[in-house]
Structure formats: structure tokens, C-alpha cells
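The values are calculated or read from the model by the stated rules, or taken from the named source; none is laboratory data. Model, not experiment: these values are computed from the prediction. So basically every Cβ, Gly included, is an ideal-geometry build from the backbone, and we count neighbours across all protein chains shown.
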Amino acid sequence: MPIMIRQCKTKAGYEALPVDKDTGKWDQERRLDFKAIARSLGTEGYEVLDAGPLLVVKRSDISESTIYPTGRLMIKTDDEAKAKATAERIYKSLGLEP
Amino acid sequence: MRLLGLISGGIDSPVAAHLMLAKGHQLDLLHYDNRPFTDDKQLEKVKALAALIAHLVGNARRPHLLVSPHGKVQVQIARGAQRRLGCVLCRRMMFHVASALAERDGYDALVTGESLGQVASQTLMNIRAEEAAAKVPVLRPLIGFDKVEIIDIARRIGTFDRSIVPSLCCTIVPERPATRAKVSDVLKAEEGLDMVTLVKMELDGIKEVEF
């Protein structure tokens with residue numbers, strides 16, 4: 001699944017969206033199972049804060065990120081390469097690999 | 001008067017604080033630290049803004065900068081209340097906590113940078129629903145100003161360039177925040193939260209920060 005990366009409007013972070021490889025569209029109806037994800041990310045060494053409608057995840061090899069139910073990520077870095085690497089690692093852990 | 005100015009790191013709240021300081025009032029600053037739903041740059045901005053504001057009034061009336069840990073409370077609001085009321089409940093919590101601090105430490109009123117209609121949370125109905133949580137007067141020196149007027153003052157006092165330094169927006173904002181919140185609805189929503197514990201937890205966590 002390709003990843004669309006774009007700078008957020010404040011230019012202080014990056015937004016990542018998992019898009020369909022054929023249509024290039026982001027499935028806004030997707031609803032990730034946060035309970036299951038929080039458990040599985042925990043076993044992969046992520047520190048996970050379950051804030052209800054979103055998850056905040058940290059790990060030493062990624063920038064701190066927020067995961068929304070649709071799979072959208074908000075990544076706390078102003079470095080595009082770091083944002084891309086973070087998105088790839090998180091999506092891999094979520095089973096939404098490019 | 002001894003005032004408590006709520007400061008966010010944006011353009012408006014430093015201007016509001018400055019205007020009240022310029023009137024000769026004593027004013028301290030209270031910032032709500034929203035991490036992990038914002039980034040570390042926000043607090044750095046607030047410290048820099050506090051220094052600029054302090055520079056304008058001199059050492060005798062140098063404000064203290066207090067920082068309130070707001071992130072944990074945001075989690076409880078997001079988990080326990082209707083999602084679209086999140087921003088209104090967040091701001092009500094700010095007023096609950098600031099009021100408790102004012103009563104504990106002897107502040108006469110709160111000062112905010114609100115002006116009508118600038119963002120979703122600043123409709124008249126939302127302002128009413130939010131300020132109903134305050135137990136001390138809320139002063140809004142910018143309420144009738146438009147953005148151009150506020151920016152003019154911010155440029156004049158030197159805070160504008162610092163306020164526009166990029167920092168992450170709040171990531172826990174709902175997709176469709178309420179713009180016409182009713183007091184009865186937010187009071188009902190707060191019944192589902194342990195407000196006494198949440199306010200005490202945040203109040204007890206307030207720390208003064210050097211800048």
C-alpha cells in the first residue's frame with residue numbers, strides 16, 4: 001500500500017496517509033482496531049498511549065506519532081526523510097505495508 | 001489587580017497579556033502543556049514569548065510563568081466524553097484549573113486572548129459554555145479586535161515573529177468540533193468525568209518555569 005506524505009499546515013510535522021495502490025485514494029472509512037493494535041505494537045517495543053480516539057506511539061527508531069482510526073498518521077518531525085521512515089515502520093507494524 | 005494570563009504560544013494571548021500589563025496590572029502567565037498532543041516546540045515558544053513580554057515591563061513587574069500539565073486530562077476527556085465536545089471541554093477544564101489556581105493563590109481575574117469568531121471554539125455559544133466553568137471573572141481585552149489589529153500590536157511589541165514559529169497543532173482536536181455547545185450539554189458531559197480528581201491532578205502538577 002503506497003504512502004502519501006505531506007507537511008502539515010503548520011510545517012512543524014508531517015501527515016502520512018495509506019493510499020490505495022490502484023486509485024491513489026485514502027480509505028477514510030477504514031477503522032483500525034486500536035485495542036488489538038495497542039497490544040501488538042507493545043510487543044514490538046513501541047510505547048503506546050491509548051487516548052481513546054487515537055493512539056500516540058513512541059520508539060527509539062521513529063519520531064513520536066499519532067495514529068488515527070483511518071490509518072492517518074501525524075508525525076512529530078520537520079524532517080521529511082525521518083517522517084517517511086517513521087511512516088514506513090509504523091505501517092509495517094500495522095500490517096499496512098507499502 | 002493581580003491577574004492570571006492564559007498563554008498558548010499563538011499570536012493573540014501574548015498581546016492580551018501585554019495589554020493588561022501595560023495598564024499597570026500585575027500579571028502572571030499560565031500555559032497548558034498539551035504534550036503528547038503537541039510538540040516540545042510549543043513550550044519553548046511560550047518561554048520566549050514570556051521573555052519578550054517581561055522585557056516590556058521591566059524586572060519590578062516581571063511575570064512568573066506557570067505550566068500546567070494538560071495532556072493527561074485531555075486523554076480522560078477524549079475517552080470519556082462525546083468527541084465533538086472535546087475542544088469545549090478542554091477549554092472548560094482550563095477555566096476550572098485556572099479558577100482553582102486563582103482562588104488558591106489570590107488572582108483576581110483571568111485574561112484570555114479570545115476574539116469572537118476567529119476559530120471554531122470562539123463562537124459566542126462556545127464562549128458561554130466555556131466561561132461557565134470559570135469561578136473568577138474572565139477578561140478578554142481582544143474580544144472586539146480583528147486579526148489585523150491584533151497582528152499590528154503583536155508586531156509592535158515584538159511577539160509576532162516568535163508566535164508564528166512553526167509548532168505542531170493539537171493532534172487530539174476532533175474532526176468536527178462543536179461550534180454551538182450548550183451549557184446543559186457540557187455539564188452533562190462532565191458528569192461522566194471525575195472532575196474533582198482531574199482538576200486536582202492538574203492543579204497539583206502546576207510548576208513555575210524559568211525563562
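Residues that are part of a loop (DSSP other than H, G, I, E, B) and of a type in the set (F, W, Y) do not occur anywhere in the stretch A:1-15.
None of B:E202, B:E190, B:E149 is farther than 30 Å from A:Y68 by Cβ and assigned to a helix (DSSP H, G or I) except B:E149. Any residue in the stretch B:170-179 that is at pLDDT 95 or above, over 20 Å from the mean Cα position of the chain (by Cα), surrounded by fewer than 16 Cβ atoms within 10 Å (Cβ to Cβ) and among the charged types (D, E, K, R)? Checking the stretch B:170-179: not a single residue is at pLDDT 95 or above, over 20 Å from the mean Cα position of the chain (by Cα), surrounded by fewer than 16 Cβ atoms within 10 Å (Cβ to Cβ) and among the charged types (D, E, K, R).
Here is a yes/no grid of residues against (1) surrounded by 20 or more Cβ atoms within 10 Å (Cβ to Cβ); (2) in contact with an Asp or Glu (Cβ under 7 Å, 6 or more places away or on another chain); (3) without any contact (Cβ under 8 Å) to a residue 60 or more places away in the chain; (4) more than 14 Å from chain A (Cβ to nearest Cβ):
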residue: B:R83; (1), (2), (3), (4): no, no, no, no
residue: B:C87; (1), (2), (3), (4): yes, no, no, no
residue: B:L116; (1), (2), (3), (4): no, no, yes, yes
residue: B:M125; (1), (2), (3), (4): no, no, yes, yes
residue: B:R128; (1), (2), (3), (4): no, no, yes, yes
residue: B:A132; (1), (2), (3), (4): no, no, yes, yes
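Beta carbons closer than 7 Å, at least 6 apart along the sequence or on distinct chains, pair a first residue in the stretch B:54-74 that is more than 17 Å from B:G5 (Cβ to Cβ) with a second that is among the polar types (S, T, N, Q) for B:G71/B:N34; B:Q74/B:N34.
Filtering the stretch A:55-68 to residues that are over 22 Å from B:G80 (Cβ atoms) and within 11 Å of another protein chain (Cβ to nearest Cβ) leaves A:K58, A:S63, A:E64, A:S65.
Scanning the stretch B:91-114 for residues that are free of Cβ contacts under 8 Å to residues at least 60 places away in the same chain, out of contact with any strand residue (DSSP E or B) (no Cβ under 8 Å at 6 or more places or on another chain) and either within 14 Å of chain A (Cβ to nearest Cβ) or closer than 20 Å to B:F37 by Cβ (or both) gives a single hit, B:R91. Scanning the stretch B:61-114 for residues that are touching a Lys or Arg at 6+ places or on another chain (Cβ under 8 Å) and over 22 Å from B:A17 (Cα atoms) yields B:G71, B:R84. Just one of the listed residues (B:L49, B:L56) is more than 14 Å from every other protein chain (Cβ to nearest Cβ), closer than 15 Å to B:I157 by Cα and modelled with pLDDT under 95, and it is B:L56.
Based on what the data block shows, is B:S184 surrounded by 18 or more Cβ atoms within 10 Å (Cβ to Cβ) and either of a type outside the set (D, E, K, R) or within 14 Å of chain A (Cβ to nearest Cβ) (or both)? Criteria not met by B:S184.
Of the residues in the stretch A:14-29, how many are within 14 Å of another protein chain (Cβ to nearest Cβ) and of a type in the set (D, E, K, R)? Of the residues in the stretch A:14-29, 2 are within 14 Å of another protein chain (Cβ to nearest Cβ) and of a type in the set (D, E, K, R).
Between A:G71, A:G52, A:G45, A:G95, the distinction of being within 14 Å of another protein chain (Cβ to nearest Cβ) and on the phi > 0 side of the Ramachandran plot belongs to A:G52 only.
Against the conditions (1) among the hydrophobic types (A, V, I, L, M, F, W, C); (2) closer than 25 Å to B:I77 by Cβ; (3) within 14 Å of chain B (Cβ to nearest Cβ); (4) crowded, with 18+ Cβ neighbours inside 10 Å, A:A38 satisfies every one except (4). Being surrounded by fewer than 18 Cβ atoms within 10 Å (Cβ to Cβ), under 15 Å from the mean Cα position of the chain (by Cα) and away from every other protein chain (no Cβ under 14 Å) is a description that applies to B:P137. Looking only at the stretch B:100-118, decide whether some residue is at pLDDT 95 or above, among the aromatic types (F, W, Y) and in a loop (DSSP other than H, G, I, E, B). Yes: the stretch B:100-118 contains one or more residues that are at pLDDT 95 or above, among the aromatic types (F, W, Y) and in a loop (DSSP other than H, G, I, E, B).
Is it true that some residue in the stretch A:52-63 is modelled with pLDDT under 95 and surrounded by fewer than 19 Cβ atoms within 10 Å (Cβ to Cβ)? Checked the stretch A:52-63: at least one residue is modelled with pLDDT under 95 and surrounded by fewer than 19 Cβ atoms within 10 Å (Cβ to Cβ). What about A:K11, is it more than 22 Å from B:G71 (Cβ to Cβ), within 14 Å of chain B (Cβ to nearest Cβ), within 14 Å of the chain's Cα centre (by Cα) and not hydrophobic (A, V, I, L, M, F, W, C)? Taking the combined requirement at face value, the residue does not satisfy it.
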